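Student: This is the structure, below, for whatever I ask next.
Laboratory data are not the source of any read-out in this text; all were calculated from the coordinates shown. It should be emphasised that the depicted structure is a prediction, and the values quoted were computed from it without experimental measurement. Here Cβ is always computed from backbone atoms with ideal geometry, including for glycine, and neighbour counts include all displayed protein chains.
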Amino acid sequence: MWILRTVVICLLLGANVWAEGVPDNCTQLIFGVAPTWNSMSGELRLFERPRDGQWTTVAGPFPVLFGKNGLAWGTGVAGQNESGLRKQERDGRAPAGIFEIGQVFGYDRQLPPGGDYLYHQVTEADVWSDDPRSPNYNRHIVIDPKNPPDNYTHEKMRSGDFAYHWLVEIRHNSDPPVPGAGSAIFFHIRRGVNRPTTGCTTMAKENLVKMITWLRVKGHPCYALLPAVEYDRKWRSWNLPPPETLNRSSGAHAQP
């Protein structure tokens, strides 16, 4: 009898550990909604909650841009078990699902005033591997810029591009990376109000800085990105903010 009881307890604990949705320890949520799977733009909000409490809006909505081909299911805290189109390298789609937030990277010596999160100042030696053949695929690595590694492609993290002045890591396909499932997914500054990305989520500089200064390690921040139809289906089971907190309008017309 005790063996059966132990098995039942383990199964119940396992169900809690592996249940999809916003993790219990996440008290800061970055939440993006796209009108459809093929939308290039949408809106984003910042939410907070006490442990076991209700979500409260902190900022937003403000307009954001996604992949030039829309969204596809990614791999993170939630979304990897969904059927449908999956995120692939160079498919021009942003990963949908729920993802942990990794480090903040930037050109400056420190975060903007008020910032208190994991931070790394990038130099010409900092790159992100985007080549599925590389053993460092979808990883931040430091190279010798005068003698870069052969045969593998990578994305420079300090190229002088204003859009990369601040990068916030979205931990898609990270634990561990699956070759070809998508890499180098970040929040960063948009290059134009109507210019989508190859998979990142971009916004106006002032909104990105606001988000960066709000992040806290103890908040275990996550990013949830869904098309509206999936949000309507999953908001309750995934512990997302309820519809009444959104007052949703079309993401294409969201205002700062």
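Student: Going by the alpha-carbon gyration tensor, a ≥ b ≥ c the square roots of its eigenvalues, is the stretch 175-250 rounded (a/c under 1.5) or, if a/c is not under 1.5, prolate (a/b greater than b/c) versus oblate?
Tutor: It is rounded, given that a/c, with a ≥ b ≥ c, falls under 1.5.
Student: Which of the listed residues, Gly76, Pro196, Ala184, is farthest toward the dipole's positive end in the stretch 26-243, when Lys, Arg count +1 and Asp, Glu count -1 at the beta-carbon?
Tutor: Pro196
Student: So what is the relative contact order of the stretch 21-139, in percent, for Cα pairs below 8 Å that sit 6 or more residues apart?
Tutor: The value is 16 percent.
Student: So what is the 222 nm mean residue ellipticity for the chain from helices alone, if each DSSP H run of at least 4 adds -39500 (n - 2.57) and you divide by all residues, rounding to the nearest 500 deg cm²/dmol?
Tutor: Mean residue ellipticity at 222 nm (helix-derived): -4000 deg cm²/dmol.
Student: Putting +1 on Lys and Arg Cβ atoms and -1 on Asp and Glu Cβ atoms, find which of Val127, Val168, Leu246 reaches farthest to the positive end of the dipole of the stretch 122-256.
Tutor: Value computed over the given set: Leu246.
Student: Modelled label-to-label distance, Asp232 and Val217, 7 Å Cα→beta-carbon offset: nm?
Tutor: 4.2
Student: A follow-up question, please. What's the whole-number percent of alpha carbon pairs in the stretch 26-243 lying beyond 31 angstrom?
Tutor: The calculated P(r) of the stretch 26-243 puts 15 percent of pairs beyond 31 Å.
Student: Next up: May I ask which residue of Met40, Cys26, Phe62 lies farthest towards the positive end of the charge dipole of the stretch 13-97, with charges of +1 (Lys, Arg) and -1 (Asp, Glu) on Cβ and the Cα centre as origin?
Tutor: Met40
Student: With a ≥ b ≥ c taken as the square roots of the eigenvalues of the C-alpha gyration tensor of the stretch 36-76, please select rounded if a/c is under 1.5 and otherwise prolate if a/b is larger than b/c or oblate if it is not?
Tutor: oblate
Student: Follow-up question, since we're still on this one. Considering Cα pairs under 8 angstrom that are at least six residues apart, work out the relative contact order of the stretch 26-243 and quote it in whole percent.
Tutor: 27
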